[in-house]
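Please read the structure below before turning to the comments.
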Amino acid sequence: MVKLLKRNKAANAGNKNGKKPEQGISASGDVLRDSLTLGLAITLIPIVIAAAYLYTIRAPAQKNELVNLAAKNYAAQQAKVVQHAVFGLRERLQSAAQSPTAMNGILESSSSQGLRRIEEGMMAFFPDAMSLRVFPLDELGTTGLDSRNGELRNNIEVDLVRRASNGEEVKPEAYQYEGAWIASIAAMAAHPNLPDRRAVVMASISGESLGALLDQRGEVVGRFTLEQRVYGRTTNRDLAIVSRGEASGSVRQIVDIEGTSWRVIFEPGDELIDTLSSNVRPDYDILLLILGCLIAGFAFTAVRSVRSLKAEIRRITEAAEHRTAMEVHIPQLVPLARNLRKLSMRKARADRAPITVAAPKVVSDEASSSPLTGIEGPATQGLRSTIFRAYDIRGDAESELDDETVFRIASAIGTLAGEMGEQSLIVGCDGRVSSGRIKAIVERALLQSGRDVIDVGLVPTPLVYFATSTLDSSSGIMITGSHNPADYNGMKVVLKGQTVASGTIEKIRAVAQNGRFSKGTGHAGQRDIISEYLDEVIGDIAIAMPLKVVVDGFNGATGHIAPALLEEIGLEVIAINCEVDGSFPNHAPDTSDERNLAHLSREVVAKGADFGVAYDGDGDRVAVVTSSGRIIRTDVLMMILAQDVVSRNPGADVVFDVKCSRNLSQVITQLGGRPVLWKTGHALMKEKMRETAALLGGEFSGHIFYGERWYGFDDGMYTTCRLAEILSSSEATLDELLSDLPIGISTPEILVPVSDEDKFALMQSFLTHATFPDGKSNELDGLRVDFEDGWGLLRASNTGPALTARFEASSNDALARIQSLFREQLLAVQPDLDVPF
């Protein structure tokens with residue numbers, strides 16, 4: 001690893017000096033720099049868009065807003081000027097007419113000539129008016145109107161005078177007379193001492209006078225127009241009275257003059273628009289500030305990212321080389337860390353001698369002194385049918401697996417293997433006291449049937465499966481009693497790559513019974529399959545962070561292999577009960593019995609381990625406990641394993657047996673996988689795995705099958721490595737991972753003792769008579785009944801003298817109800833049965 005880094009440095013230095021870099025290592029581009037550059041470019045896009053928006057949309061809009069606001073203000077200001085002038089004229093009319101002198105003169109004048117003199121005298125006070133007329137009113141309010149009506153210019157003035165005489169509020173009116181605009185205003189005046197003596201005074205001003213009100217002082221800013229709105233019966237019209245100034249015509253603001261029917265229109269000129277527009281500047285300063293901050297931030301980030309990345313890679317590389325604790329601060333580098341650790345492990349393995357695990361000697365009870373040759377023809381005593389089970393051969397080692405029975409069975413297997421074209425068979429055994437005797441007889445029988453024997457010694461069952469998957473021979477026999485008590489033993493058989501099940505088991509029994517065996521002389525050899533297995537697993541597994549694990553070997557066949565394997569992949573291992581002892585002095589080798597896991601749970605908590613594992617007698621089953629000592633049942637463990645596998649392989653099939661939780665099916669579906677429910681039994685599960693090309697399978701008893709990166713057989717040690725890989729890459733503990741899963745209230749597997757001779761008949765009777773009207777029945781394997789709030793299962797065990805039951809529900813009350821329904825139905829079939837639920 002160090003050499004690789006030095007070589008990379010040398011290559012980079014060579015590039016700087018113009019030399020050709022060393023072959024095999026070259027720098028092509030800078031992904032980090034390119035990514036940061038791309039990020040900066042992407043960040044600048046909104047800035048450019050914002051600048052374009054400010055320039056093309058916002059700035060013009062602001063200019064329009066400012067010009068319109070200024071035009072509105074100009075129009076409003078001019079409207080006030082006109083309003084004050086008009087109403088000032090009306091007030092002056094009223095004040096002048098109401099003076100005693102003027103009013104007395106009006107009342108005393110009885111002729112038009114007299115009124116004209118008064119009007120001429122009042123005109124001296126109204127230089128801005130073009131005419132002023134007075135209309136005295138009598139007590140009825142009419143005197144003088146008719147007599148002087150002819151002096152009014154048009155009906156508009158007549159209407160003004162009449163409305164004023166009626167006391168109405170009179171608005172000024174503009175009209176055209178002889179081609180010129182005139183505006184008239186009328187006001188009522190009363191004698192100060194004689195209120196019933198009144199007169200109407202009307203003054204008229206020319207359009208020019210109105211125009212003077214619109215004249216702009218100093219610089220011309222635009223065009224002012226005074227308009228009068230004329231209301232008609234059907235339509236309204238706007239008449240321009242007078243206009244002053246020049247305009248661009250792009251903006252127009254209108255303000256009504258209060259108390260009149262007039263309004264002022266202002267249209268700003270080009271010069272005013274230009275002046276106002278020059279005061280509008282987009283917020284380019286802010287954009288430049290933001291841009292500067294962004295560039296500075298990116299520059300800082302680039303420098304810091306490169307430094308952090310170099311430091312992180314250096315930390316990961318050193319930790320990988322020295323296999324010390326590795327804390328990755330950049331989550332995206334976890335895969336790199338994992339691969340570096342894997343490479344480091346491989347390098348360390350290449351630099352030292354291959355792993356050798358000394359297998360314990362096979363302990364053997366005394367084999368028969370008889371050479372067991374010449375056995376052929378039908379078995380005189382017959383072979384017990386109960387030892388030929390659904391997917392293996394199993395029974396009491398002394399009474400049921402005597403020498404002749406073992407010899408006949410092995411001879412039958414050799415005969416059938418020859419018929420399939422298999423010349424060699426791999427033979428291994430567990431550490432039971434009877435395994436040595438049985439193994440010796442099996443190998444002798446195979447050799448005499450003409451088959452070659454590859455002896456792999458004392459190994460767990462998964463190593464025999466591994467050998468049949470990787471060596472030239474794809475057939476084998478594992479002598480093991482699996483999870484059964486010490487006085488049991490048996491055989492798990494693989495023929496042409498497939499673990500045999502009921503159909504082939506019956507063929508073996510038939511050939512063993514009739515004694516028509518093949519004859520020949522085979523050759524025996526030995527193979528260190530343990531080292532090959534360890535190398536394969538270590539090469540596949542990558543642990544990102546060190547973990548502490550407690551391993552309970554149950555004194556079974558994994559005891560001399562599992563601790564070494566887990567240490568080699570980078571775990572700290574605390575081993576308990578790992579001395580291979582076929583008498584199983586500490587507890588039974590059955591991981592499905594949770595009482596046997598109490599010791600493991602205590603050790604995990606006491607030692608502060610991340611998790612704990614236990615293997616059954618032959619290592620094809622695994623049980624797991626969390627750091628808090630909590631036992632994880634296999635269907636729950638499958639949820640965690642499925643999350644890992646299906647997340648990388650959407651649509652993958654996951655197979656599980658009828659004893660598993662229905663929550664597992666829901667989890668697989670939510671992950672995007674396809675749940676496949678199948679029959680219980682390791683051989684049946686492997687057959688279904690091959691049929692569906694599933695990447696993961698699990699049986700509630702603890703068999704886990706990996707089709708992803710592995711060979712599809714059940715292997716407790718490999719499953720442990722995959723779980724460790726998941727936990728080492730997760731920030732969550734195993735307990736925390738469980739807290740996110742849908743876990744119902746469930747029972748472990750419950751055994752109902754029934755003899756091997758009676759269990760299948762009893763199960764068939766239960767299937768025939770049991771009724772569950774509120775549930776949905778499934779007879780795939782035994783009887784599983786799903787209810788709205790839970791489910792129950794009863795089936796005949798294929799591995800022991802018992803019926804097996806399991807229940808799950810959403811509440812304790814529902815669980816008790818479902819158990820009661822099954823118990824009542826079972827007792828109805830066999831009243832004297834001891835039902836432990």
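The values are calculated or read from the model by the stated rules, or taken from the named source; none is laboratory data. The structure presented is a predicted model; accordingly, all values stated were derived computationally and were not measured. Quick reminder, even Gly has a Cβ in these numbers, built from the backbone with ideal geometry, and neighbours come from all protein chains shown. Accessible surface is based on the protein model in full, side chains and every heavy atom, while ligands, DNA and RNA are left aside. Shrake-Rupley method; radii C 1.70, N 1.55, O 1.52, S 1.80 Å.
For SER601, only one of the following conditions fails: (1) open to solvent by 50 Å² or more (accessible area, probe 1.4 Å); (2) small (Gly, Ala, Ser); (3) touching a Gly at 6+ places or on another chain (Cβ under 6 Å). What is its number?
Here SER601 clears every test but (1).
Got at least one residue in the range 792-801 being in contact (Cβ under 8 Å) with a residue 40 or more places away in the chain, out of contact with any helix residue (DSSP H, G or I) (no Cβ under 9 Å at 6 or more places or on another chain), in a strand (DSSP E or B) and of a type outside the set (Phe, Trp, Tyr)?
no
Confirm whether GLU567 is within 30 Å of LEU336 (Cα to Cα), outside any loop (DSSP other than H, G, I, E, B) and charged (D, E, K, R).
Against the criterion (within 30 Å of LEU336 (Cα to Cα), outside any loop (DSSP other than H, G, I, E, B) and charged (D, E, K, R)), GLU567 qualifies.
Regarding SER592, is this residue modelled with pLDDT under 95 and hydroxyl-bearing (Ser, Thr, Tyr)?
Spelling it out, SER592 is indeed modelled with pLDDT under 95 and hydroxyl-bearing (Ser, Thr, Tyr).
GLN498: touching a residue at least 40 places away in the same chain (Cβ under 8 Å) and surrounded by fewer than 21 Cβ atoms within 10 Å (Cβ to Cβ), yes or no?
Yes, satisfied.
Do any residues in the range 456-467 that are free of Cβ contacts under 8 Å to residues at least 40 places away in the same chain have Cβ atoms under 7 Å from those of residues that are surrounded by fewer than 24 Cβ atoms within 10 Å (Cβ to Cβ) and not in a helix (DSSP H, G or I), where the two are at least six apart or on different chains, and which pairs are they?
Filtered contacts from the range 456-467: no entries.
Could you check the range 511-547 and list, in sequence order, the residues that are open to solvent by 50 Å² or more (accessible area, probe 1.4 Å) and either without any contact (Cβ under 8 Å) to a residue 12 or more places away in the chain or more than 21 Å from GLY450 (Cβ to Cβ) (or both)?
First, the residues of the range 511-547 that are open to solvent by 50 Å² or more (accessible area, probe 1.4 Å): 513, 516, 519, 521, 523-524, 526-528, 532, 535-536, 546.
Passing the criteria: ASP528, GLU532, ASP535, GLU536, PRO546.
Every residue in the range 610-655 that is among the hydrophobic types (A, V, I, L, M, F, W, C), open to solvent by less than 10 Å² (accessible area, probe 1.4 Å) and in a helix (DSSP H, G or I), please.
Of everything in the range 610-655, those that are among the hydrophobic types (A, V, I, L, M, F, W, C), open to solvent by less than 10 Å² (accessible area, probe 1.4 Å) and in a helix (DSSP H, G or I) turn out to be LEU637, MET638, MET639, ILE640, LEU641, ALA642, VAL645, VAL646.
For a quick check of your reading of the model, give me the residue pairs whose first member lies in the range 639-651 and is over 20 Å from SER739 (Cα atoms), whose second is at pLDDT 95 or above and not small (Gly, Ala, Ser), with beta-carbon atoms closer than 6 Å and at least 6 apart or on different chains.
From the range 639-651, the pairs are ASN649/LEU695.
State which residue pairs qualify: first residue over 17 Å from ALA410 (Cα atoms) and open to solvent by 50 Å² or more (accessible area, probe 1.4 Å) and inside the range 360-384, second residue among the β-branched types (Val, Ile, Thr) and modelled with pLDDT of 75 or more in any location, beta carbons under 9 Å apart, and separation of 6 or more residues or different chains.
What qualifies is VAL363/VAL433; VAL363/VAL580; SER364/VAL433; SER364/ILE438; GLN381/THR405.
Between ASP774, ASP786, which is in a loop (DSSP other than H, G, I, E, B), in contact with a strand residue (DSSP E or B) (Cβ under 7 Å, 6 or more places away or on another chain), in contact (Cβ under 8 Å) with a residue 12 or more places away in the chain and open to solvent by 30 Å² or more (accessible area, probe 1.4 Å)?
The match here is ASP774.
Residue-by-condition table, conditions (1) within 33 Å of the chain's Cα centre (by Cα); (2) surrounded by fewer than 15 Cβ atoms within 10 Å (Cβ to Cβ); (3) of a type outside the set (Asp, Glu):
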site: ASP715; (1), (2), (3): yes, no, no
site: LEU723; (1), (2), (3): yes, no, yes
site: LEU734; (1), (2), (3): yes, no, yes
site: LEU738; (1), (2), (3): yes, no, yes
site: GLY744; (1), (2), (3): yes, no, yes
site: ILE750; (1), (2), (3): no, no, yes
site: LYS759; (1), (2), (3): no, no, yes
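Go over the candidates ILE543, ILE569 one by one and state the one that is farther than 30 Å from ILE387 by Cα, at pLDDT below 95 and in contact with a Lys or Arg (Cβ under 8 Å, 6 or more places away or on another chain).
ILE543
If I filter the range 55-83 down to residues being among the β-branched types (Val, Ile, Thr) and closer than 9 Å to VAL264 by Cβ, which single residue comes out as most open to solvent (accessible area, probe 1.4 Å)?
VAL81
So which residues in the range 205-228 are at pLDDT below 85, open to solvent by 50 Å² or more (accessible area, probe 1.4 Å) and at negative phi?
Residues satisfying the conditions are ASP215, ARG217, GLU219, VAL220.
Would you mind telling me which numbered condition in (1) modelled with pLDDT under 65; (2) open to solvent by 80 Å² or more (accessible area, probe 1.4 Å); (3) not in a helix (DSSP H, G or I) ARG346 fails?
So ARG346 meets the others, but not (3).
Being over 26 Å from PHE584 (Cα atoms) and of a type in the set (A, V, I, L, M, F, W, C) is the filter here; which residues of the range 449-497 pass it?
Listed by number, the residues that qualify are VAL453, ILE454, ALA467, LEU471, VAL494, LEU495.
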